[in-house]
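Structure record follows, encoded as structure tokens.
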Amino acid sequence: MTKRLIGYGAARGAVDALTSVRGIALASILGAEAFGVWLLFRIILRYLSFAGLGMQRGLEFSVASDKDPEGWGKAGVALVLAIFVPLGLLAVGAGLLWTDGPAATALLAVGAIILVNRLWILGSTYLRGAGALRDLARLEIIVGLLQAVLVVLLAYWFGLTGAFAGMFVGFLAGALLFFRGRPLPPVWDGQRSAAMIRVGFPVTLSGLLLASFSFSDRMVVGAFLGVEALGLYGFAIAAAEIGQNLANVTRTVILPDIYRRTDTAEGGAPDAGQMHRVLTGFSFYIPIICGYFALVIGPAVVAFAPEFTGAIPVTRMYLFVAALHGLSILATLGVVARGQQAVLPFLSLAGIALNVALSYALLLRGGDLSQVALAALITHSLHACAVMVLVSEDDRRARAALRAARTMLPVFWCLAAVHLVLWLVPTTSPAAFAGALALFTLAIAPVAGALWKGAPALRGG
């Protein structure tokens, strides 16, 4: 599994880097107003995807766990056409009727692109469910590279319209390459369509709610501390996304094993012990990475973005919030495999309510951004614990919760180590920074030792 993690992680990292470079280049070419329309287009495209009612999550589960993945793929194509052809036409119609220029432009672009976008997403979802990581990585790199080059070049020549055209061509190329390798003509199957939605809708709704964790505390920050504080807090969240990104990579790699299928051979039925081993492995290696990043982020921000110096303590805290969020993402796979996904939206709603209430209470008592981040750490740890309890093989909830708490222990160990090291050795000079890195390495030796001795989820094939 380690080889798969490194291989797919490298590919996914390259795609993310291309996307970041594309965004920066596009902003400089288009200017603020046109780039705002581009962002509006991306937001509308993102949220209209929920019209699929989570069918892609149901598709990946069915492809991974059923002996007839092609049947599910054909039903998925038919469902995408049935939903997104009319939706695309509606978006075009709304764009033609809308009187607001930027909104009309964004709606027209969404109407033209949404179908090829969803067919590409279906293809990548199918490959992810089948465990075909090499094919998935290859296509993701091709699409990412095509869009990075075409969006920028066409935007330079033709402005915003060219940028939209570059996105369209990239998605179309990805979809055509997928269907060339795996012909899946649409075949309507009402039972399979209903099954995909039944599995996927609660998971997608929960994911949407789970993503709202960061929005909920950002709303509290903006309401109480103002726009400048909100900017600092938003910077911290963006800088700390490494934990969540690594969780998404890990999720893609382990998904076929959890859903009882691999890309080389059919595996045995997974048990809760397998899920626990995956979660334990993740909880060891991610906090270590986040810990080193937490030490680096201070000098990096001071050197390259000094206006965000006030966000450094929050960023350090949020790195470990992201690690806990990653545990929730991975544990959700086990919940779906057990057929308990209907519980997930309620857990996410409870987490949002607790996050808002705790952030509000701390700010009322004179708290600052660091205390809001602490509230997020508490709520994410409780949410991750609750989801891990659902996938535990232990029927006694108290014992399952204790085991989940032990799984999260490396996260808090590494967080405490970061704060202890920075208290002992403030990184005010290159020599002090090197000393802090060395001291942190010593502080996490027990965690690193445990990872080396027993992370079967990562060291196994």
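The values are calculated or read from the model by the stated rules, or taken from the named source; none is laboratory data. Values in this document were obtained by computation on a predicted structure and should not be read as measured data. All Cβ positions, glycine included, derive from the backbone under ideal geometry; neighbour counts span all protein chains shown.
What the table shows:
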| item | result |
| --- | --- |
| Search result, residues across segment 421-441 that are within 30 Å of Ala331 (Cα to Cα) and without any contact (Cβ under 8 Å) to a residue 60 or more places away in the chain | Thr441 |
| In segment 35-64, residue farthest from Trp157 (Cα to Cα) [restricted to those that are surrounded by fewer than 23 Cβ atoms within 10 Å (Cβ to Cβ) and in contact with a Pro (Cβ under 9 Å, 6 or more places away or on another chain)] | Leu40 |
| From Leu209, Leu230, residue being at pLDDT below 90, out of contact with any Gly (no Cβ under 7 Å at 6 or more places or on another chain) and of a type outside the set (Val, Ile, Thr) | Leu209 |
| Filter result (among the β-branched types (Val, Ile, Thr) and either in contact (Cβ under 8 Å) with a residue 40 or more places away in the chain or over 17 Å from Pro345 (Cβ atoms) (or both)) within segment 363-393 | Val372, Ile378, Thr379, Val387, Val391 |
| Residue that is at pLDDT 80 or above, in the same structural domain as Phe84 (by TED's automatic domain parsing) and within 30 Å of Thr332 (Cα to Cα), where the choices are Phe168, Phe178 | Phe178 |
| Val356 being assigned by TED's automatic domain parsing to the domain that holds Asp217, at pLDDT 85 or above and assigned to a helix (DSSP H, G or I) | yes |
| Matching option when the condition is crowded, with 21+ Cβ neighbours inside 10 Å and either outside the structural domain of Ile444 (by TED's automatic domain parsing) or over 27 Å from Thr441 (Cα atoms) (or both), among Leu369, Leu402 | Leu369 |
| Flag for Gly281 being surrounded by fewer than 24 Cβ atoms within 10 Å (Cβ to Cβ), in a helix (DSSP H, G or I) and out of contact with any Gly (no Cβ under 7 Å at 6 or more places or on another chain) | no |
| Ala163 being surrounded by 23 or more Cβ atoms within 10 Å (Cβ to Cβ), modelled with pLDDT of 90 or more and in a helix (DSSP H, G or I) | yes |
| Boolean, Thr407 is of a type in the set (Ser, Thr, Tyr) and crowded, with 19+ Cβ neighbours inside 10 Å | yes |
| Scan of segment 134-191 for residues that are within 18 Å of Ala34 (Cα to Cα) and β-branched (Val, Ile, Thr), ordered by number | Val151, Val152, Thr161 |
| Scan of segment 383-399 for residues that are crowded, with 17+ Cβ neighbours inside 10 Å and assigned to a helix (DSSP H, G or I), ordered by number | His383, Ala384, Cys385, Ala386, Val387, Met388, Val389, Leu390 |
| Breaking point among (1) surrounded by 15 or more Cβ atoms within 10 Å (Cβ to Cβ); (2) modelled with pLDDT of 90 or more, for Trp188 | (1) |
| Matching option when the condition is at pLDDT below 85 and within 23 Å of the chain's Cα centre (by Cα), among Pro306, Pro345 | Pro345 |
| Hey, Leu87 touching a Leu at 6+ places or on another chain (Cβ under 9 Å), in the same structural domain as Thr125 (by TED's automatic domain parsing) and surrounded by 17 or more Cβ atoms within 10 Å (Cβ to Cβ) or not | yes |
| Qualifying positions in segment 291-310 - within 20 Å of Phe412 (Cβ to Cβ) and not in a helix (DSSP H, G or I) | none |
